[in-house]
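Quick notes on the structure that follows.
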Amino acid sequence: MSSILTSRSFRKISCSVVPELERLDALCTAWSDLLARSSSNEPMLSPIWLLSWWRTYGSLGGRKLRVAAFWAGSRLVGLAPLLVRRHRYWPGIPFVRLEALGTGERESDNVCSEYMSLICEQGAEAEVVEAFVAAAVSGAMGPWDELVIPRMGGDSLLPGLLAQAFSRLGISSSLTVTESSPFVPLPPNWEAFLQTLKTSRRYFLKRTLRDFDKWAAGKARYHQASTPGDLEEGKQILIDLHNGRWSGAACPGMFRSARFQTFHAAVMPAFLKAGALQLLWLTVRDEPIAAIYNILWNGKVYFYQSGRKIDLPSKIRPGLVMQAYALRRAIEAGRREYDFLGGAARYKLQLALASRPLVQFRAVRRALREQARRCADLGVSQILRACGRDSRSSWSVIFRS
């Protein structure tokens, strides 16, 4: 265990690197307690999510755990949930990458972990970030060429603190906005929510709900998983509706991935046991027509996945009806926010009242290797421009992580 003296408060913080799953399992209680005390209290930074991810994906691609724990005496005040692996940029330029745990899967298996970050005790963010950067630069986590933390909350302190801390040590870093996450700051009641919508969106939502009620003719029923048996029933409905929705599409449903299913077969029961799972489905005349998979965490509802029946009359929008029901339940339960997570799907934008950016943090140590990567990237961009947009499909990434 190496000791680090932070430059701002001169409080001694020690760093220990956890390279084995058994030792990480032993940290679960302290990890969960820290998360609850942190300014990054997100479900996808929890032991439930990240340990399930490691057990599903950790054996792939030569990944090795490099979780850094930061202590003030016997108190865990910071955690950097990272792994290390080899990543190749086109046309085969190798980088040793320190990467956020829970990210970097193949696109077909991607669980889309969001709000990745270091976990820092609230009020100690600057100290923990400085200790982390000092440990990383000193080699405590082993050799690395780049550090990549994707999908960080752009409204968080941590991305800027990381950039500043690496800059002070002369290491180049960047913050890139990659997408946005629409959300609804929840008002005290449903009518107040409706009044915050633009007139056209409010009219569309009300008309959608009226059309659905008329079509369902009193035969609609909402269901929620509250027992393991309910969970199995609801999960299968979700999978069938989701895969049916995307059948034949250019991007097939995520539940067609065996690893994706294995991951959620572990995560969903654990969230259910913790009171953090909201699995809802809607039936009309006893036929399932929509399902939604939400995570309940820290006063928020996170919309994660859904499915809907597609061979219905054109004015019947079961997906939007399901979202409206979940939103109303969140308001009635006194939740503070309904987060749609990343992406700009139309139904999200119809209901969202705000959005926050998701950013990727990247720090690079090997200047010559990075220069070679940039030159190769520039060359590909120039070739694509010369060939025209129609040629882009022929230039797929040759070397995949």
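The values are calculated or read from the model by the stated rules, or taken from the named source; none is laboratory data. Just so it is clear, the structure is predicted and the values come from calculations on it, not from any experiment. Heads up, the Cβs are rebuilt from the backbone with ideal geometry, glycines too, and the neighbour counts pull from every protein chain shown.
Does R86 satisfy the condition of being closer than 28 Å to F260 by Cβ, without any contact (Cβ under 8 Å) to a residue 12 or more places away in the chain and not assigned by TED's automatic domain parsing to the domain that holds A270?
no
Does Y338 satisfy the criteria of being part of a strand (DSSP E or B), aromatic (F, W, Y) and touching a strand residue (DSSP E or B) at 6+ places or on another chain (Cβ under 9 Å)?
yes
Restricting attention to region 10-49, which residues are buried (at least 18 other Cβ atoms within 10 Å of the Cβ) and acidic (D, E)?
Across region 10-49, the qualifying residue is only E42.
Which condition from (1) touching a residue at least 60 places away in the same chain (Cβ under 8 Å); (2) in contact with a strand residue (DSSP E or B) (Cβ under 7 Å, 6 or more places away or on another chain); (3) part of a helix (DSSP H, G or I) is the one that M268 breaks?
M268 satisfies every listed condition except (1).
Taking region 164-189, which residues are part of a helix (DSSP H, G or I) and either outside the structural domain of V128 (by TED's automatic domain parsing) or surrounded by 20 or more Cβ atoms within 10 Å (Cβ to Cβ) (or both)?
Result: A165, F166.
Under 6 Å by Cβ, and 6 or more places apart or on different chains, what pairs join a residue from region 229-243 that is free of Cβ contacts under 8 Å to residues at least 24 places away in the same chain and at positive phi with one that is buried (at least 20 other Cβ atoms within 10 Å of the Cβ) and in a helix (DSSP H, G or I)?
Filtered contacts from region 229-243: no entries.
Residues of region 31-59 being in contact (Cβ under 8 Å) with a residue 12 or more places away in the chain and farther than 23 Å from L162 by Cβ, which ones?
S32, D33, I48, L51, S52, R55, T56, Y57, G58, listed by residue number.
Would you confirm whether any residue within region 212-219 is surrounded by fewer than 19 Cβ atoms within 10 Å (Cβ to Cβ) and either farther than 18 Å from R317 by Cβ or under 24 Å from the mean Cα position of the chain (by Cα) (or both)?
Scanning region 212-219 turns up at least one residue that is surrounded by fewer than 19 Cβ atoms within 10 Å (Cβ to Cβ) and either farther than 18 Å from R317 by Cβ or under 24 Å from the mean Cα position of the chain (by Cα) (or both).
Please return the ranges of strands (runs of 3 or more DSSP E) entirely within region 1-81 where 3 or more residues are modelled with pLDDT of 95 or more and either touching a Phe, Trp or Tyr at 6+ places or on another chain (Cβ under 7 Å) or assigned by TED's automatic domain parsing to the domain that holds V111 (or both).
12-18, 67-72, 75-80
Yes or no, residue by residue, for (1) closer than 30 Å to D145 by Cβ; (2) under 15 Å from the mean Cα position of the chain (by Cα); (3) surrounded by fewer than 19 Cβ atoms within 10 Å (Cβ to Cβ):
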| position | (1), (2), (3) |
| --- | --- |
| L296 | no, yes, yes |
| Q305 | no, yes, no |
| S314 | no, no, yes |
| A324 | no, no, no |
| R329 | no, no, yes |
| A333 | no, no, yes |
| R346 | no, no, yes |
| L353 | no, no, yes |
| V359 | yes, yes, no |
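Kindly establish whether I292 is in a loop (DSSP other than H, G, I, E, B), on the phi < 0 side of the Ramachandran plot, assigned by TED's automatic domain parsing to the domain that holds G218 and of a type in the set (A, V, I, L, M).
When the stated conditions are applied, I292 does not pass them.
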